[in-house]
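For reference, the structure is listed below as structure tokens.
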Amino acid sequence: MTVLILKTIFLITAINGVLAVLLVIAERYLANYGECKIQINDQKEIQVNGGTSLLSALSSQKIFLPSACGGRGTCAYCKCKVQNGAGPLLPTEVPFLTQTEIESQIRLSCQVKVKQDLQISIPEALFAIQKFDSEIELIQDLTYDIKLIRLKLLEPDHIQFKAGQYVQLVSQPYGKVKGSVQRAYSIASPTYETGIVDLMIRLVPEGICTTWVHEVLKEKDHVQIIGPMGDFKMHEGEGEIIMVAGGSGMAPMVSLLSDILCKSGQRKITYFFGAVTKRDLFFLDEMAEFERKIPNFTFVPALSDPQPDDGWKGTTGLITVPLANYLSSIQTDKAQGYLCGSPGMIHACISVMKEKGMPGDQIFFDPFG
Amino acid sequence: MEGLSPWVLFFAAIFTGNILLTYFLGMCSFLSVSKQLKTAFGLGLAVTFVLTITAALNWLVYWYLLDPLGLEYLRYIVFIVVIAASVQLLEMFIERYSESLYINLGIFLPLITVNCAILGVSLFMVIRKYTFIQSVAFGVGSGIGWLIAIVAMAGIRERINEKKIPAALQGPGIALIISGIMAMAFIGFSGMVQIQ
Ligand SMILES: Cc1cc2nc3c(=O)[nH]c(=O)nc-3n(C[C@H](O)[C@H](O)[C@H](O)COP(=O)(O)OP(=O)(O)OC[C@H]3O[C@@H](n4cnc5c(N)ncnc54)[C@H](O)[C@@H]3O)c2cc1C
Ligand code: FES
């Protein structure tokens, strides 16, 4: 028996040892692509260690391309133009690229491996993306499932962003979740508040990042964010502004409204906010405040299923109903639409807007899917 | 099994004893990666390639290490380790030396480390006491058999995509029914040679 045990130990050790050594050698010589240069926008050049994905090579040099899936090749946020050195298109990229994108050498940077010198182009704005260390200054319940998180920026200690942009929150391992994930959250604070970032985070049942935020995070904890990212923002125009949001889609709207407040434009703004029952409504005081201060601004909350004891006297029905009614009463050919929230709601509202004559290229949205 | 010619084994592994349709091994990737003909073919090639190489390696490990030392009972764990390591090595090797091979075959390698058809072939070959040449023939044959099955499946699924399927059966549901029918069709070959 002892002999058998000894033999077993010996054999397992021997086989695993030999294979491990082989793999280490292979890692050293086969998967080692040495130092590679990445030339960015014909002006900047960085040195990275080859063998990793372009996305992580860039982030190791503090250049952060947007990524919502953490490099698994499912979100397609990490697109960038690679003129040289990326090798042929991979089957894992094809489903996410249109024909025009393929022709203009757009690739998914999380799938492209750095094996030689590369030449890439990324929007200048991405250089402004930074990683921030921050401390949680405040956690506040907005509704039963949405929390407001206020982050005080520590290092760097201020952020410059456009109203409507988002940041990526980096979660830490907790409980059964062993890894860290990154999720996008729109900034709700006004652009002039550069030392803090407000996020409104709705609990997604079983969601990795939102459960962490709702159940683990406490005030004074330190968290990291990466940003600002995204191109959801106010556009020039003359017609009416129609905003539509639901749930945590409120966040970017608050930031947009704070910006509008400072600029004191003359455009008429109507903001439709969809909720199910009264307990899903929040920020009503703030909205009343905006109504007082911004000329021509109206906030229209609508409940799709008000409960008897809600005592609801406002608009009832799915948000598409008051939206359609309102659009029938105004001149829509110059109107602009801004939408934020679940993809289902957004797409339903976009259909209504187009049906009522709003130009498709004047409808801007950020689906939280 | 001394007597069986490697050729017989080769064809038998493809048709009468198809690893997928007779033994239902390697089902998970068969179901999940059979939506597109091109990818299915790439994966099939990768499986064939890995099957051949791991069958040969595991044969050597079994008959020159495990058997002489009387440690046959370790074969599951050792086979798995050998398969995992060799797939990793292969991936690195292909990625380094052939870009086109990597794109068509290499990126599927990590998907099949855990494919049970691969462990299955290694186990069958030692249980049935195949010689080295027989094992290799059996490995290649099983791989090609798997490739034919998944390519046929992908072809059928590409067609069926455009058809109306009851909501409850869409996706894996109809795929399982199709594989059942394919398996029955393959029984038709069973009169030719029997291996087990
Ligand atoms: C540009 C952008 C801005 C965003 N801004 C905000 C914001 O301001 N506030 C906010 O709360 N969220 C926002 N989101 C959504 C957020 O990024 C996460 O997707 C969401 O919080 C879920 O993360 P999780 O890790 O908890 O869930 P995961 O663990 O990723 O997902 C768990 C399950 O829930 C599903 N799921 C994922 N997201 C949602 C969702 N939004 N609704 C319903 N089911 C979902 C997934 O498919 C999965 O099955 C934004 C998303 C984008 C792309
Ligand atoms: S990071 Fe999500 S697809 Fe590349």
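In segment A:129-229, how does Rg compare with the Kirkwood Rh, expressed as the Rg/Rh ratio over alpha carbon atoms?
On the way: Rg = 12.6 Å, Rh = 13.5 Å.
That ratio equals 0.94.
Taking Lys and Arg as +1 and Asp and Glu as -1, the other residues whose beta-carbon sits under 14 Å from that of B:R157 total +2. Fully extending the segment from A:L154 to A:V216, taken as 0.36 nm per residue of separation minus the present Cα-Cα distance, adds 20.2 nm. Distances between placed amide hydrogens fall under 5 Å for A:F297 paired with A:I269, all partners being 5 or more residues away or on another chain. When the alpha carbon gyration tensor of segment B:37-86 is reduced to an equivalent ellipsoid, the three semi-axes, largest first, read 28, 10, 7 Å.
Past the 28 Å Cα-Cα mark, which pairs from A:K79/A:K162; A:K176/A:K218; A:K113/A:K233; A:K176/B:K35; A:K44/A:K131; A:K37/A:K233?
Table pairs above 28 Å Cα-Cα are A:K113/A:K233; A:K176/B:K35; A:K37/A:K233.
For segment B:33-122, a Kirkwood hydrodynamic radius built from all Cα pairs, placed in the Stokes-Einstein relation at 10 °C and 1.306 mPa s, yields a translational diffusion coefficient of 116 µm²/s. Remark: segment A:32-42, residue by residue, has Karplus-estimated 3J(HN,Hα) of 9, 9, x, 6, 10, 9, 10, 9, 10, 6, 6 Hz, where x stands for each Gly or Pro and the curve is 6.51 cos²θ - 1.76 cosθ + 1.60 at θ = phi - 60°. One equal scatterer on each Cα of the protein assembly as shown, no solvent, Debye formula: the resulting log10 I(q)/I(0) at q = 0.05, 0.07, 0.10, 0.13 Å⁻¹ is -0.31, -0.59, -1.01, -1.30.
Would you list A:C69, A:C349, A:C75 from fewest to most Cβ contacts within 10 Å?
On the way: A:C69 15, A:C349 26, A:C75 18.
With the sparsest Cβ surroundings first, the list reads A:C69, A:C75, A:C349.
Label zone of B:K35 (point 7 Å out along Cα→Cβ, amide N under 18 Å): in segment B:138-174 this covers B:150-174.
May I ask you to derive the relative contact order of segment A:1-84, considering only C-alpha pairs under 8 Å and at least 6 residues apart, and to give it as an integer percent? Spell out each step's value before the answer.
Details: 52 pairs, mean separation 11.5, N = 84.
It comes to 14 percent, rounded to a whole number.
Computed 3J(HN,Hα) for segment B:59-75, one whole-Hz value per residue from the Karplus formula 6.51 cos²θ - 1.76 cosθ + 1.60 where θ = phi - 60°, is 4, 4, 4, 5, 7, 9, 10, 5, 5, x, 7, x, 10, 3, 5, 7, 4, glycine and proline marked x. The phi-based Karplus calculation (6.51 cos²θ - 1.76 cosθ + 1.60; θ = phi - 60°) puts the 3J(HN,Hα) values of segment A:186-195 at 6, 7, 9, 7, x, 5, 7, 7, 8, x Hz, whole numbers, x for Gly and Pro. The distance between label points at B:L111 and A:V321 comes to 4.7 nm (points 7 Å beyond Cα on the Cα→Cβ vector).
Rg/Rh for segment A:241-365 stands at 0.94; both radii use Cα atoms, and Rh follows the Kirkwood definition. Working from Cα pairs under 8 Å separated by at least six residues, relative contact order for segment B:6-191 is 46 percent. Taking every alpha-carbon pair under 8 Å whose residues sit at least 6 apart, chain A reaches a relative contact order of 12 percent. The Cα trace of segment A:80-158 gives Rg and Dmax of 19.4, 52 Å, the first to one decimal, the second as a whole number. If the chain linking A:L261 and A:V276 were pulled fully straight, counting 0.36 nm for each residue of separation and taking away their Cα-Cα distance, it would gain 2.6 nm. Relative to the current alpha-carbon distance between B:L169 and B:S5, full extension at 0.36 nm per residue lengthens the span by 54.7 nm.
Extending 7 Å from Cα along the Cβ direction at A:T98 and again at A:Q43 yields two label points whose distance is 2.8 nm. Placing a pseudo-label 7 Å from each Cα along the Cα-to-Cβ vector at A:T2 and B:M192 gives an inter-label distance of 5.6 nm.
Using only the Cα atoms, what convex hull volume per residue in Å³ does segment B:88-196 have?
Numbers: hull volume 16.8 nm³, N = 109.
Output value, Cα hull per residue: 154 Å³.
Mean projected area of the Cα convex hull of segment A:35-126, taken over all directions, amounts to 5.4 nm².
Per residue, the Cα convex hull of chain B amounts to 117 Å³.
Values quoted throughout were computed directly from the atomic coordinates according to the rules given, and no laboratory measurement underlies them. The structure displayed is predicted, hence computed values, not measured ones. Positions of Cβ are backbone-derived with ideal geometry, glycine not excepted, and every protein chain shown enters the neighbour counts.
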